[in-house]
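Novice: Here it is: the structure, laid out below.
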Amino acid sequence: MAAETARKFEALEAQAQKIMQVFIKAGHEAVSPAILQPAGVFLDVIGESLRARTYVFTDPDGDELCLRPDLTVPTCRLHIERNGDAPAKARYCYNGTAFRFQPVGAGSAHPREFRQSGIENIGFPERERTDAQTVATIIDAMRAAGLKNFKLRIGDLGLFRALIKAIDMPDRWRQMLTHLFWRPHAFRAELQRLSRPAEESLKSIPPDLRAAIAPTDLARSERAVVDYLSSNGIEAMGTRSVTEVASNLMWRLADAKSDPLPPETVALIERYLAISGPAKAAGACFKDLLRDRGSAMSPVIDAYHRRLQLMTEMGVDVVHAEFSAEFGRQLEYYTGFVFEIVAPELGRESPLAGGGRYDDLMRTVGGKRDVPAVGGAIHTERLLSVVQGGAA
Amino acid sequence: MTEKLLLAVPSKGRLMEQTIEMFAKAGLTLRKTGNERGYRGEIAGLDTVEVAFISASEIAWYLKTGRAHMGVTGEDLIREQISDADERVTFLKPLGFGHADVVVAVPDYWIDVRTMAELDEIAATFRREHGRWFRVATKYINTTRRFFAAKGVIDYRIIESLGATEGAPAAGTADLIVDITSTGATLAANGLRILDDGVILKSEANLIASKVANWSPGARQAENEIMQALGL
């Protein structure tokens, strides 16, 4: 992309002022976190699709740095820098540049340098209320900038987590499915695998080794691994310990002994993931679907409805909001509620704003504990192009 | 701009010899002009063609940017260096030499990991035990990302390696590697094993045309003459 014109620069500045005024009036403190960030922290939390699009480089000291691909992680780091691990509540807002590599021909709605205006609410335990406030504030700010016609899309990863928890299966399978949730393709493959007798998955283990592994006796299994290595002339090397190799083999044998997931469980998970449509109707939909899963599901379903109710009270048009169970699968650090604002002019591929809850993130970026947190950010170039009614 | 067609060919080693042989068989004699160590050359009798002898990895860049109209280099290097390869170049002909597979190889010691899916399975545990994702040493950064993403493996870090990649796991700088191999002997000597579904690309030298070069009528005609000689 060529340099922006002075006119566009001024228009973006003016728009940013209107947005920031709304944020500040809603009680957010304006901050300006560092543009250069340590690469390691980012690369671990942002997920592969964004990771491949981050500008990473080595500085003269040999440290790996990156140009921030978003402002949420830098804001969390700033919060930790200020407060250490002391429990602290804070509402932040920012307007700053983020950088993402774009393939050739990505179009003007996908510039590689763009300004994000956003808010982060860190440390507030009333989750649904804070979720609703975040959406309402982002929408207020976009309205203040002149946006009229838009659609709210929402999702809720908490529902998926609760569903998996409510289904009877070995804990390791739960971890696996949650871990794979972000990759629909691999998720489906794993779900199919867990629904078949697991004998097949053991085929790749050499039979003599398999016979020597004791599914419940770690010391014996370690000896089996060591014996197998020495009789095949294989040397141990690298970071993984014999214990890790042996434990992994034991788990896989244990898996093979568990009953496969029954077809109705697989169907339940697939039916849940297929839910999409108007937000209120969707709420009724999973109430129906999950009713016989008992009480475990009711707190999250109640939370879903309470959040919708709070959003309505805060002036968000919930009637036309759209829910999708699959929504959120691209955004690895989110843990609960997620949302996006789309405009008909740009479509779903280029949302004008988005955000969500990320209760694990503070620990991943260096905090000592999980902290409830939710935020959202506006893609300001897209917003401007829609408000101005022309091409970006 | 000159009206001539620029043909980029490898400047050293077996790859250069085999390229010159391949053209010679088609009746086209590649030779250097001026200094024997120089990098300019010509095809005898085809004065609309200029030949550049450059390193195989630079050839990809010449084709990507359109500085060269045609070139001979490995498919692995093209796929690695040009993210939108099929938009920018045309693979005219695999040449039957310069064979090399780009593969994912893990320590043979990982007797519990034989497939990409099994690799993914140990990712979370690895992180819990060692406080970091496992590291993949490679010079094929883009190729690795694409392949791992396609296989659904995302919990890893790439360590850029510019030489002796196969030694990285033993040296402790990485846990596994993505590298080229032709016989697998070097991998085995370093205690490494290719995953069952770990062959990313079976590469060989190709004759390649740039789609983004300035294809003047003169260059087009020179291309036709080369293609005809090669029986394409």
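The values are calculated or read from the model by the stated rules, or taken from the named source; none is laboratory data. Computed from a predicted model, the values in this text were never measured in an experiment. Positions of Cβ are backbone-derived with ideal geometry, glycine not excepted, and every protein chain shown enters the neighbour counts. Ligands, DNA and RNA are excluded from the accessible area calculation, which covers all protein heavy atoms including side chains. Shrake-Rupley method; radii C 1.70, N 1.55, O 1.52, S 1.80 Å.
Novice: Do the sum for chain A: with -39,500 (n - 2.57) for every DSSP H run of n ≥ 4, divided by all residues, what is the mean residue ellipticity at 222 nm, to the nearest 500 deg cm²/dmol? Can you show the working numbers first?
Specialist: Numbers: 17 runs with 183 residues, N = 392.
Computed mean residue ellipticity for chain A: -14000 deg cm²/dmol.
Novice: Over 23 Å between Cα atoms: which of B:Lys139/B:Lys211; A:Lys18/A:Lys148; A:Lys165/B:Lys151; A:Lys151/B:Lys151 fall into that group?
Specialist: B:Lys139/B:Lys211; A:Lys165/B:Lys151; A:Lys151/B:Lys151
Novice: Roughly how many Å² is the accessible area per residue of the protein assembly as shown, as a whole number, for a 1.4 Å probe?
Specialist: Numbers: 27870 Å² over 624 residues.
I get 45 Å² per residue for this part.
Novice: Heavy atoms only, probe 1.4 Å: what % of the accessible area of the stretch B:68-143 goes to carbon and sulfur, would you let me know?
Specialist: Working: 1040 of 2360 Å².
Exposed carbon and sulfur together represent 44 percent of the surface.
Novice: Can you tell me what the convex hull of the Cα atoms of chain B projects to on average, as an area in nm²?
Specialist: Averaging across all directions leaves 13.8 nm² for the Cα convex hull.
Novice: If you don't mind, another one. Taking the stretch A:204-252 on its own, what percent of its Cα-Cα pair distances exceed 15 Å? List each step's numbers first, then the result.
Specialist: Details: 441 of 1176 pairs.
More than 15 Å apart: 38 percent of the Cα pairs in the stretch A:204-252.
Novice: Can I ask one more? Quote the FRET efficiency, to the nearest 0.05, computed for A:Thr58 versus B:Phe97 with a Förster distance R0 of 30 Å and r equal to the Cβ-Cβ distance.
Specialist: On the way: r = 36 Å, r/R0 = 1.19.
Using R0 = 30 Å, I get an efficiency of 0.25.
Novice: Work out which residues of the stretch A:170-200 lose at minimum 50 square angstrom of accessible surface when the other protein chains are put back, relative to the chain isolated, with a 1.4 angstrom probe, and list them by number.
Specialist: A:His179, A:Arg183
Novice: Take every residue in peptide B:95-107, count the Cβ atoms of other chains within 10 Å of its Cβ, and give the average of those counts.
Specialist: Mean shielding count: 1.
Novice: What part of the accessible area of chain A, given as a whole %, is carbon or sulfur when the probe is 1.4 angstrom?
Specialist: Roughly 52 percent, rounded to a whole number.
Novice: Among A:Ile24, A:Ala166, B:Thr181, whose Cα sits farthest toward the positive end of the charge dipole of the protein assembly as shown (+1 at Cβ of Lys/Arg, -1 at Cβ of Asp/Glu, about the Cα centre)?
Specialist: A:Ile24
Novice: In addition: For a quick check of understanding: with a 1.4 angstrom probe and all protein chains in place, what accessible area in square angstrom does B:Lys4 have, to the nearest ten?
Specialist: Result for B:Lys4: roughly 80 Å² accessible.
Novice: Pop out a list of residues from the stretch A:68-115 that are at least 30 Å² less accessible with all the protein chains around than in their chain alone; 1.4 Å probe, no ligands or nucleic acids counted.
Specialist: When all protein chains are present, A:Val104 each give up 30 Å² or more of accessible surface.
Novice: Also, I was wondering about something else. Using a Debye calculation, one point per C-alpha and no hydration shell, please list log10 I(q)/I(0) for the stretch A:192-303 at q = 0.10, 0.21 Å⁻¹ in order.
Specialist: -0.52, -1.08
Novice: While we're here: With solvent modelled as a 1.4 Å probe, how much accessible area in total do chains B and A shield from it at their shared surface, in Å² to the nearest 100?
Specialist: Buried surface at the B/A interface: approximately 3300 Å².
Novice: Please compute the Cα-Cα pair-distance distribution of the protein assembly as shown with 10 Å bins starting at 0, giving whole percents from short to long.
Specialist: 3, 14, 20, 22, 20, 14, 7, 2, 0
Novice: Compute, for the stretch A:32-142, the length of the dipole vector about the Cα centre, with Cβ point charges of +1 (Lys, Arg) and -1 (Asp, Glu) only. Units Debye, rounded to 20.
Specialist: Charge dipole of the stretch A:32-142: 320 debye, to the nearest 20.
Novice: Considering every residue in B:117-123, what mean count of other chain Cβ atoms within 10 Å of its Cβ is obtained?
Specialist: Mean shielding by partner chains, rounded to a whole number: 5.
Novice: Give me the dipole magnitude in Debye, nearest 20, for the protein assembly as shown about the Cα centre, with unit charges on the beta carbon: positive for Lys and Arg, negative for Asp and Glu.
Specialist: The dipole of the protein assembly as shown has a size of about 1120 debye.
Novice: So which residues in the stretch A:28-65 end up with at least 10 square angstrom less accessible surface once the other protein chains are there, compared with the chain by itself, probe 1.4 angstrom?
Specialist: Buried by 10 Å² or more upon assembly, which counts only protein chains, are A:Gly40, A:Leu43, A:Asp44, A:Glu48, A:Arg51, A:Ala52, A:Glu64.
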